[in-house]
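Asker: This is the structure, below, for whatever I ask next.
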Amino acid sequence: MKLTFRWYGDEDPVKLEYIRQIPGMTGIVSAIYDVPVGEIWPLEAILSLKEKIHRAGMELSVIESVPVHEDIKLGLPSRDQYISNYQQTLRNLAEAGVHTVCYNFMPVFDWTRSALSFPLDDQSTTLVYDHDVIRKMNPLNGDLKLPGWDTSYQNEALAELVNQYGQISEEQLWQHLEYFIRAIIPVAEDVQVKMAIHPDDPPWSIFGLPRIITNQDHLERFLRLYDSPYNGLCFCTGSLGASPQNDIPAMLRHFGGAGRVNFVHARNVKITGDKSFREVAHLSDAGSIDMYEVMSALYEFGFDGPLRPDHGRMIWGETGRPGYGLYDRALGAVYLNGLYEGIAKSHRESSADHTKDTVVAKEIG
Ligand code: CS2
Ligand code: MN
């Protein structure tokens, strides 16, 4: 696996040189943030991002995300132009040497939480989700702005957009996704860009909007839309793991074994009730996901793609973008790396023992 870290560009309070100081860190996950959604990303902009990361001693490993224009998700006639722009962006990324691209297909809102700085027992703060609170929230009144949301919409435009989805069923959203995938993946194959869809977070419908990338059956259905290693998953343990029905290590073994995991987000969540959870430290003991099993699964299927610690808590007085501080994500990276080293070495030792046994057996025989 290749250890990576998300960086939000020059605006990010977490500097590239700090990221570089995390042991084992070699790759950056980033994006071009000033091109409007749906427009082509200019090659020069990608090259200059890549160059900046190079100068800091790392490489641009993954783009997260090339956002999918809402007209594509809504299946409007204008989607064809946006799809052709998306194809060109993929070609430009490949030309600049980027070969993994993450995206999601969530209508209007990206990841969603009911509170951004909930205090845990140790006084660190974290992101939490409580469905009862979300149900009473009106996303249109501007009260709630999450770091992952596109804030370029004015309230009226947002209301209209949410309204447009009123007529879209889950099945229709699947059709629109299929249309997109069938157009995008042949280009991705051609230029060898591995596409990685991010699961819906949380993995259920919110604000009455359909969400479909949520569980094992749906991931299966998604992969069948186009059978190619270039049509793969960003396996986000925290997003999928918010639902107790998702057995994370089993799903990872299943999809990874089939060669369809192109990118991994490692994050732990603690399920606190029905459709409620809080984000916690990466450590297995802290949450509902067994990170040892997650890393073992990656080792077993020989994952050689990028992995990043996903969100972290805010610790040691750090302020900044909720979920995306330096310290807790750095601790997460070091922990995950440590687990992986332990797993890899114990496997090597036991297979060395095994070889020794067979040599002895042969000699005896
Ligand atoms: C989030 C998302 O869970 C996550 O990784 O931070 O913003 C994620 O980057 C997007 O949904 C991917 O398209
Ligand atoms: Mn994620």
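Asker: Please report, in debye to the nearest 20, how large the charge dipole of the chain is about its Cα centre when each Lys and Arg carries +1 at its beta carbon and each Asp and Glu carries -1 there.
Answerer: Using only the charged Cβ atoms, the result is roughly 400 debye.
Asker: Between Asn138, Gly238, Ala188, whose Cα lies farthest towards the positive end of the dipole of segment 130-259 when Lys and Arg beta carbons carry +1 and Asp and Glu beta carbons carry -1, centred on the Cα centre?
Answerer: Farthest towards the positive pole: Gly238.
Asker: What residue among Glu70, Glu59, Glu11 shows peak mean-square fluctuation when the chain is described by a Gaussian network model with Cα springs under 10 Å?
Answerer: Glu11
Asker: To the nearest 10 degrees, how steeply does helix 248-257 sit against the main Cα axis of the chain, on a 0 to 90 scale?
Answerer: With rounding to tens, the tilt is 80 degrees.
Asker: Beyond 22 Å between alpha-carbons counts as too far, so tell me which of Lys194/Lys345; Lys2/Lys73; Lys2/Lys50; Lys2/Lys194; Lys136/Lys275; Lys270/Lys345 fall in that bin.
Answerer: The answer is Lys194/Lys345; Lys2/Lys73; Lys270/Lys345.
Asker: Read phi for every residue in segment 230-240 and hand back ³J(HN,Hα) as whole Hz from Karplus 6.51 cos²θ - 1.76 cosθ + 1.60, θ = phi - 60°, with x for Gly and Pro.
Answerer: Once θ is set to phi - 60°, the couplings for segment 230-240 become 7, 9, x, 10, 9, 7, 9, 4, x, 5, 5 Hz.
Asker: Let me ask something else about it. To check you understand DSSP bridge types, tell me what percent of the beta bridges within the chain (both residues inside) are antiparallel, rounded to 5.
Answerer: Within the chain, antiparallel bridges account for around 35 percent of the total.
Asker: Based solely on its DSSP helices, what 222 nm [θ] is calculated for the chain when runs of n ≥ 4 H residues each add -39,500 (n - 2.57) and the sum is averaged over all residues, nearest 500 deg cm²/dmol? Display every interim value, and only then the final one.
Answerer: On the way: 12 runs with 151 residues, N = 365.
-13000 deg cm²/dmol, from helical runs alone.
Asker: Moving on. Which one, Ala286, Gly9, Leu331, is farthest towards the positive end of the dipole of the chain when Lys and Arg carry +1 and Asp and Glu -1 on their Cβ?
Answerer: My answer, from the dipole projection, is Leu331.
Asker: What ³J(HN,Hα) values, in whole Hz, does the Karplus curve 6.51 cos²θ - 1.76 cosθ + 1.60 give for segment 322-336 when θ = phi - 60°, with x put for Gly and Pro?
Answerer: x, x, 10, x, 7, 5, 6, 5, 5, 4, x, 4, 5, 4, 5
Asker: Moving on. Skipping prolines and chain starts, which residues have an amide H placed within reach, meaning under 5 Å, of the one on Tyr226, given they are 5 or more residues away or on another chain?
Answerer: Amide H neighbours of Tyr226, under 5 Å, 5+ apart: none.
Asker: Still on this structure, I have one more. What base-10 log of the normalised intensity I(q)/I(0) is obtained for the chain from the Debye formula, alpha carbons as equal point scatterers, at q = 0.08, 0.09, 0.10, 0.13 Å⁻¹?
Answerer: -0.40, -0.50, -0.62, -1.06
Asker: Which residue fluctuates the most in the chain, going by a Gaussian network model with Cα springs under 10 Å, if the choices are Arg135, Arg79, Arg211?
Answerer: Arg135
Asker: List the residues whose amide H sits under 5 Å from the amide H of Asn104, counting only those 5 or more places along or on another chain, with H placed 1.01 Å from N in the peptide plane.
Answerer: Counting only residues 5 or more places away or on other chains, the set is Val68, His198.
Asker: Using only the alpha-carbon atoms, how far is helix 79-95 inclined from the longest principal axis of the chain? Give it as 0 to 90 degrees, nearest 10.
Answerer: Helix 79-95 sits roughly 40 degrees off the main axis of the chain.
Asker: Can I ask one more? First select every other residue whose beta carbon is under 11 angstrom from the beta carbon of Ile185; then total the charges, Lys and Arg +1, Asp and Glu -1.
Answerer: Cβ neighbours under 11 Å give a net charge of -2.
Values in this text are rule-based calculations from the coordinates and carry no lab data. Fair warning: this is a prediction, and the values are worked out from it, not measured in the lab. As a convention, Cβ positions derive from the backbone with ideal geometry for all residues, glycine included, and neighbour counts pool all protein chains shown.
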